[in-house]
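The values are calculated or read from the model by the stated rules, or taken from the named source; none is laboratory data. Only a predicted model underlies this, so the values are computations on that prediction, with no experimental measurement involved. Quick reminder, even Gly has a Cβ in these numbers, built from the backbone with ideal geometry, and neighbours come from all protein chains shown.
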């Protein structure tokens, strides 16, 4: 698997950008972002267990789920899907219960690269530099990288 996460934390701006290519069509990658039964199999770092309270991947829907690590610590995340366009685009808020009142806005674009390949591009906007820096130093990159590797493995197990 030669696809890797590219995460960018630009100097002086409250943004985090990411990009990851997949050896699977856009429809498969999009479906894996919207189906709760698939989300629990790939989201987050290896060794974590995801429990979904609710996950409604459509415009106006919302989500709340927890990650529990091998050490037993649990982390709860929630948000609202403001816009979801099938196989194209999603905009959501994202909040970690450990940092109440700090909400980011995330934009995700799903791109068809042809030949059964796709690219996911994301842009996160944070309310302050401190919030952005806290997220960037939280282990986000490792968790996202693991999660996207797990997503590609999951899609491979499902066949094309």
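Residues that are within 27 Å of residue 27 (Cβ to Cβ), without any contact (Cβ under 8 Å) to a residue 12 or more places away in the chain and part of a strand (DSSP E or B): does segment 120-140 have at least one?
Checked segment 120-140: no residue is within 27 Å of residue 27 (Cβ to Cβ), without any contact (Cβ under 8 Å) to a residue 12 or more places away in the chain and part of a strand (DSSP E or B).
Would a scan of segment 104-112 turn up a residue that is more than 22 Å from residue 31 (Cβ to Cβ), in contact (Cβ under 8 Å) with a residue 24 or more places away in the chain and in contact with a strand residue (DSSP E or B) (Cβ under 6 Å, 6 or more places away or on another chain)? I'd like the intermediate steps shown before the answer.
Here is the first cut: in segment 104-112, the residues more than 22 Å from residue 31 (Cβ to Cβ) are 104-105.
From what is left, the residues that are in contact (Cβ under 8 Å) with a residue 24 or more places away in the chain are 104.
Checking which are in contact with a strand residue (DSSP E or B) (Cβ under 6 Å, 6 or more places away or on another chain) leaves us with 104.
Scanning segment 104-112 turns up at least one residue that is more than 22 Å from residue 31 (Cβ to Cβ), in contact (Cβ under 8 Å) with a residue 24 or more places away in the chain and in contact with a strand residue (DSSP E or B) (Cβ under 6 Å, 6 or more places away or on another chain).
For residue 99, only one of the following conditions fails: (1) at pLDDT below 95; (2) part of a loop (DSSP other than H, G, I, E, B); (3) buried (at least 17 other Cβ atoms within 10 Å of the Cβ). What is its number?
Among (1) at pLDDT below 95; (2) part of a loop (DSSP other than H, G, I, E, B); (3) buried (at least 17 other Cβ atoms within 10 Å of the Cβ), the lone unmet condition for residue 99 is (3).
Please find, among 51, 91, the residue that is more than 25 Å from residue 24 (Cα to Cα) and either out of contact with any helix residue (DSSP H, G or I) (no Cβ under 7 Å at 6 or more places or on another chain) or touching a residue at least 40 places away in the same chain (Cβ under 8 Å) (or both).
Working: 91 fails: more than 25 Å from residue 24 (Cα to Cα).
Testing whether each residue is more than 25 Å from residue 24 (Cα to Cα) and either out of contact with any helix residue (DSSP H, G or I) (no Cβ under 7 Å at 6 or more places or on another chain) or touching a residue at least 40 places away in the same chain (Cβ under 8 Å) (or both) leaves just 51.
For residue 112, state whether it is assigned to a strand (DSSP E or B) and either at pLDDT below 95 or in contact with a helix residue (DSSP H, G or I) (Cβ under 7 Å, 6 or more places away or on another chain) (or both). Even if it seems obvious, please write down each step before you answer.
Details: assigned to a strand (DSSP E or B): yes; either at pLDDT below 95 or in contact with a helix residue (DSSP H, G or I) (Cβ under 7 Å, 6 or more places away or on another chain) (or both): yes.
Yes; evaluated as a whole, the condition is true for this residue.
With respect to residue 150, is the statement that it is surrounded by 16 or more Cβ atoms within 10 Å (Cβ to Cβ) and either closer than 24 Å to residue 6 by Cβ or free of Cβ contacts under 8 Å to residues at least 60 places away in the same chain (or both) true? Before the answer, list the steps.
Working: surrounded by 16 or more Cβ atoms within 10 Å (Cβ to Cβ): yes; either closer than 24 Å to residue 6 by Cβ or free of Cβ contacts under 8 Å to residues at least 60 places away in the same chain (or both): yes.
Considered against the rule, which asks whether it is surrounded by 16 or more Cβ atoms within 10 Å (Cβ to Cβ) and either closer than 24 Å to residue 6 by Cβ or free of Cβ contacts under 8 Å to residues at least 60 places away in the same chain (or both), residue 150 comes out as yes.
Looking for something exposed (fewer than 15 other Cβ atoms within 10 Å of the Cβ), under 14 Å from the mean Cα position of the chain (by Cα) and assigned to a strand (DSSP E or B) - is there at least one such residue anywhere in segment 6-20?
yes
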